[in-house]
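Trainee: Before we start, here is the structure in question, set down as structure tokens.
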Amino acid sequence: MKTIHGDMSTQEITKVQELIYTTRVESVMASNVIAIDPSFTMSQVKDLMRDKHISGAPVVKEKQVIGIVTISDVIRSMEEGKLNFLVTDLMTSDVRTVSKDAMVTDVVNNLGRQGFSRLPVVDQDGTLVGIVTTGTLIRSLLMQMDKSFQKNEAEKLYTYRASHIFQDISSDDTSLLLRYFVNERDFDNAGKASSLIKRSLQRLMLLPQIVRRVGVAVYEAEMNLVIHTDIGGEITVEVRKDRVNISTVDHGPGIADLKQVLQPGFSTAPEWIRDMGFGAGMGLANIRRVSDVMKLTSSPGQGTRLEIVFNFRNDSLATTRSPQKA
Amino acid sequence: MNIREMVEVLNGKILVQNHDPDEELPRGGAADLMSDVLAFGSEGMVLLTGLTNPQVVRTAEMAGINVIVFVRDKTPPPETLELARDSCISLIRTGYTMYEACGRLYQAGLPGRGPVRIENNSW
């Protein structure tokens, strides 16, 4: 068994550092912060601290932190017979606060090296939104480490399982079919299917350059469904040992002039779509450039079908590599 | 140039941090057209843009871009921040215009991707 002083492995230390650098203050603070009104006397502060089991609290006037009062201020007021003084007379008014969007590094620096034991957390307007102490910090960092550990382990397992499908399932020709439904004009979720497809292909351990090309093509195709159809559409991804076939099908308005839409720069997208950075008429050109085969079929009123193929050698799927050598 | 140095050069603010400040940035690029990002963006590139909608984050994700810089001190909507946190993309804001932000980074040694031939299929 490890002792308390047992070595933390370098990996563990790096994980803590990473968390400290990447976690925002907002997620490690306590948000049910007890604030003290400037009209309080030290005696009232003392009672509040006893009742709430706290050893310090920010003093807040019109939502702004104007000071901080701690148990040692209470002791001092008792020693000096100042229990009936206003909290504003004995509090520390030069308060160090931290933004809720700051990184936990800021907190660690202030709590540790500067010797503060609590930091009020404020938003952009300086309004008090929470408080961090070493206690809240350690608790939430431990929780996050646990979460990220579980997530890593789960991801490893998923990748293992997914990438073995081509070995574990016996058939003359195995393929994996993924279907995604895309809603028209749903910009909040536009790109979500592509993102899921990219992650799925990563789990299947396709080579990164192929994942990237598929990602670009399928994202452009998905945006076309979102922008140009009136009833959405469906994306199907078929993963085989040696290629990925993608088809997007919609029963939207269809396309009258196929030659025209294939011309780079041609677009029927309205202005507001262009304002979002889309609809420049480069989508199909991009898809054609990254893919090996692209086929567009459509006629007015009959919907549109786009088929995209990516060919690769068998060994692009890591799964088809020879089993690990011992 | 690493992320920390870039933030200094741009006098920027990190809005969402998902990467180590010491992580090296291979090159930079700028676009307000998402298809351009998909066409010319490269793995690990930092993207400077004036658009702040969530699709910018999606586009970056698909193009293998990890770091996005919003120019002219534009503050992205909460959905963009949220999506960036979920998709492991870092967001930075700078007060400089697109032109000046790019100029400062290039001058400080962050390269671009060189001439691009659109008819060339080998990107």
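Values in this text are rule-based calculations from the coordinates and carry no lab data. All values derive from a computational prediction rather than experimental measurement. Neighbour counts are summed over all protein chains in view; Cβ atoms, including those assigned to glycine, are modelled from backbone coordinates with ideal geometry.
Trainee: How compact is the stretch B:3-107 by the rule of thumb for globular proteins, expressed as Cα Rg over 2.2 N^0.38 Å? Let's see the in-between values first.
Mentor: Numbers: Rg = 11.9 Å, N = 105, 2.2 N^0.38 = 12.9 Å.
Rg over 2.2 N^0.38 Å, computed on Cα atoms: 0.92.
Trainee: On alpha carbon coordinates alone, what is the Rg over Rh value for chain A, Rh being the Kirkwood radius? Could the numbers behind the result be given before it?
Mentor: Values: Rg = 29.7 Å, Rh = 25.0 Å.
Ratio of gyration radius to Kirkwood radius: 1.19.
Trainee: So, by mean Cβ neighbours within 10 angstrom, what's the order for B:54-60, B:66-72 with the highest one leading? Present the calculation step by step, with values, prior to reporting the outcome.
Mentor: Working: B:54-60: 26.0, B:66-72: 22.7.
Going by the mean number of other Cβ atoms within 10 Å, highest first, we get B:54-60, B:66-72.
Trainee: If you don't mind, there's one more thing I want to ask. Counting only other chains, and only Cβ atoms inside 10 Å, what mean value do you get across the residues of A:266-278? Show your work: numbers first, answer last.
Mentor: Details: counts 0, 1, 0, 0, 0, 0, 0, 0, 2, 3, 7, 14, 7.
Across the residues of A:266-278, the mean count of other-chain Cβ atoms within 10 Å is 3.
Trainee: Within straight cross-link reach of A:Lys295, meaning Cα distance under 17 Å, which lysines are found once same-chain residues fewer than 8 apart are removed?
Mentor: Reachable lysines: A:Lys259.
Trainee: Here is a follow-up. Counting each DSSP H run of 4 or more residues in chain A as -39500 (n - 2.57), what helix-only mean residue ellipticity at 222 nm follows after dividing by all residues, to the nearest 500 deg cm²/dmol? All intermediate terms of the calculation are to be shown ahead of the outcome.
Mentor: Values: 12 runs with 126 residues, N = 326.
So the calculated ellipticity at 222 nm is -11500 deg cm²/dmol.
Trainee: A follow-up question, please. Take every DSSP beta bridge whose two residues both sit in the stretch B:3-107, then give the antiparallel share in percent to the nearest 5. Each step should come with its number before you reach the end.
Mentor: On the way: 3 of 14 bridges.
Rounded to the nearest five, the antiparallel share is 20 percent.
Trainee: Could I ask something else about it? Per residue of A:182-188, what is the mean number of Cβ atoms on other protein chains within 10 angstrom of that residue's Cβ? Could the numbers behind the result be given before it?
Mentor: On the way: counts 0, 0, 0, 0, 0, 4, 4.
Partner Cβ neighbours, averaged per residue: 1.
Trainee: Return the average number of partner chain Cβ atoms within 10 angstrom of each residue Cβ along peptide B:52-64. Display every interim value, and only then the final one.
Mentor: Values: counts 0, 6, 6, 10, 2, 2, 9, 8, 0, 7, 15, 4, 7.
So the per-residue partner count for this stretch is 6.
Trainee: Greater than 22 Å separation of Cα atoms is the criterion. Which listed pairs, B:Lys13/B:Lys74; A:Lys151/A:Lys192; A:Lys63/B:Lys13; A:Lys151/A:Lys241; A:Lys63/A:Lys100, meet it? It would help to have the intermediate numbers written out before the result.
Mentor: Values: B:Lys13/B:Lys74 11 Å; A:Lys151/A:Lys192 20 Å; A:Lys63/B:Lys13 25 Å; A:Lys151/A:Lys241 28 Å; A:Lys63/A:Lys100 15 Å.
Beyond 22 Å: A:Lys63/B:Lys13; A:Lys151/A:Lys241.
Trainee: For chain A, which DSSP H helices look membrane-span-like by this rule: Cα extent along the axis of 20 Å or more and mean Kyte-Doolittle of at least -1.0?
Mentor: Working: long enough: A:134-163 (43 Å, -0.64); A:208-228 (29 Å, 0.47).
Passing helices, by number: A:134-163, A:208-228.
Trainee: Where does the longest stretch of chain A lie that holds no GluC sites (Glu not before Pro) found in a DSSP loop with 11 or fewer other Cβ atoms within 10 Å? Intermediate values should be presented prior to the final figure.
Mentor: On the way: sites that count: A:Glu62, A:Glu80.
It works out to A:81-326.
Trainee: Also, I was wondering about something else. With contacts defined as alpha carbon pairs under 8 Å and 6 or more residues apart, what's the relative contact order of chain A in percent?
Mentor: On the way: 529 pairs, mean separation 43.4, N = 326.
Averaging sequence separation for qualifying contacts and normalising by length gives 13 percent for chain A.
Trainee: Checking the cross-link filter: which aspartates and glutamates have an alpha carbon closer than 12 Å to that of A:Lys61, excluding same-chain neighbours under 8 positions apart?
Mentor: A:Asp37
Trainee: Could you calculate the contour length gain from A:Glu271 to A:Ser99, that is, 0.36 nm times the residue separation minus the distance between their Cα atoms, to one decimal place in nm? Walk me through the intermediate numbers first.
Mentor: Numbers: separation 172, 0.36 × 172 = 61.92 nm, distance 3.79 nm.
Extra length from A:Glu271 to A:Ser99 when fully extended: 58.1 nm.
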